[in-house]
1. Under a crude label model (7 Å from the Cα following the beta-carbon direction), how far is GLU183 from LYS10 in nanometres?
2. Starting from region 39-147, pick out the chymotrypsin sites (Phe, Trp or Tyr not before Pro) whose DSSP state is loop and whose Cβ has at most 12 other Cβ atoms within 10 Å.
3. Test of understanding: in a Gaussian network model of the chain with alpha carbons linked when under 10 Å, which of LYS63, LYS143, LYS111 would top the mean-square fluctuation ranking?
4. If you fit an axis through the alpha-carbon atoms of helix 226-241 and take the longest principal axis of the Cα set of the chain, what angle between them do you get, 0 to 90°, nearest 10?
5. May I ask you to evaluate 6.51 cos²θ - 1.76 cosθ + 1.60, the Karplus curve with θ = phi - 60°, for each residue of region 177-188 and list the ³J(HN,Hα) values in order in whole Hz, giving x for glycine and proline?
6. When only C-alpha pairs under 8 Å and at least 6 residues apart count, what is the relative contact order of the chain, in percent?
7. Within a 10 angstrom radius of the beta carbon, how do PHE194, PHE221 rank from fewest other beta carbons to most?
8. Hey, fewest Cβ within 10 Å first, where do ILE71, ILE125 land in order?
Amino acid sequence: MSSNSPSVTKLIENFRTSTEHFANIAKSPESPGTTTLHDPTLNDPRKLHNAYARNLFTCYASKVADLSAGILLAVEHSNFLMYALCGRALIETTAILRYYIVEEYKPLLDKGPLAQNDLQRLIEIDDRHLRGGTFDWESFLFKNYSKLKEEAAARVGGISKKQGREPRQVRIGRDCMKSWAKETPAVSIVYDLFCDLVHPNIGSTFLVASTTNDGLYFSRFRGKPVGHSIFEQSFPMLVSVTHKEFGRYLALLAATIWHDDELPDEPNEPVN
């Protein structure tokens with residue numbers, strides 16, 4: 001699919017370049033890298049935070065690279081529903097990274113030297129950031145489907161049960177997007193648009209429709225895809241709140257990593 005708009009064509013090429021950049025970050029040995037959290041040498045909370053941050057850095061770069069590659073592939077094949085699905089996920093991934101940087105890490109790290117309870121709080125934030133969720137992955141991975149069914153039945157019956165052992169994730173709409181919209185109100189417009197484009201309603205219906213001289217058909221294979229014009233109008237909006245913003249917050253995540261010469265010999269000594 002080729003765009004009729006030169007500005008959108010340029011945006012696509014820039015988006016492709018930054019997608020390759022994030023993919024290279026995820027696999028480059030020069031990036032902060034990935035460290036196992038089960039390393040027995042991580043006996044200082046600052047070292048443990050560094051391991052969490054490195055894992056998060058690689059994870060985020062990988063997710064954004066894959067979602068962005070999915071957008072490019074979807075547009076190439078005029079699959080605009082897939083474009084919207086990846087687009088919304090890209091906004092949400094950026095939003096949750098921003099939330100943790102702005103609302104969790106910054107207030108704590110801006111305090112200056114961290115006492116032991118501050119360091120413990122930092123590790124709790126890291127753990128929720130990396131492992132937060134609501135699904136019972138332990139039961140799923142070990143094929144304990146009866147437990148999954150019991151938990152589902154309990155929820156239907158109005159009984160709230162904590163699923164699995166993972167910490168609860170932050171809420172995208174209530175926490176992340178609300179925080180972001182206070183700083184940048186226009187982001188809520190973009191997010192609302194992409195939510196509407198993936199929900200089973202008029203938005204997603206438009207994305208699978210096409211037009212001919214005979215009228216409107218709810219199949220993108222019958223004529224000119226309606227999704228094409230929606231893409232050209234929405235893509236600049238998507239780009240404006242994702243790649244550049246994501247790169248900035250990813251750099252801030254990397255900046256929370258203590259260098260080796262900043263780590264004191266005594267694990268309980270406060271550090272700047």
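1. 2.8 nm
2. Of the chymotrypsin sites (Phe, Trp or Tyr not before Pro), the ones in loops of region 39-147 whose Cβ has at most 12 other Cβ atoms within 10 Å are PHE142.
3. Of LYS63, LYS143, LYS111, the most mobile in the Gaussian network model is LYS143.
4. Relative to the chain, helix 226-241 is tipped by roughly 30 degrees.
5. 3J(HN,Hα) across region 177-188, in whole Hz: 5, 5, 4, 5, 5, 4, 7, 9, x, 5, 5, 5.
6. So the answer I get is 25 percent.
7. Starting with the residue having the fewest Cβ neighbours, the order is PHE221, PHE194.
8. ILE125, ILE71
Values in this text are rule-based calculations from the coordinates and carry no lab data. Note that the structure is a prediction, hence the values are computed from the model and not measured. In this analysis, Cβ positions are derived from the backbone assuming ideal geometry, glycine residues included, and neighbour counts consider all displayed protein chains.
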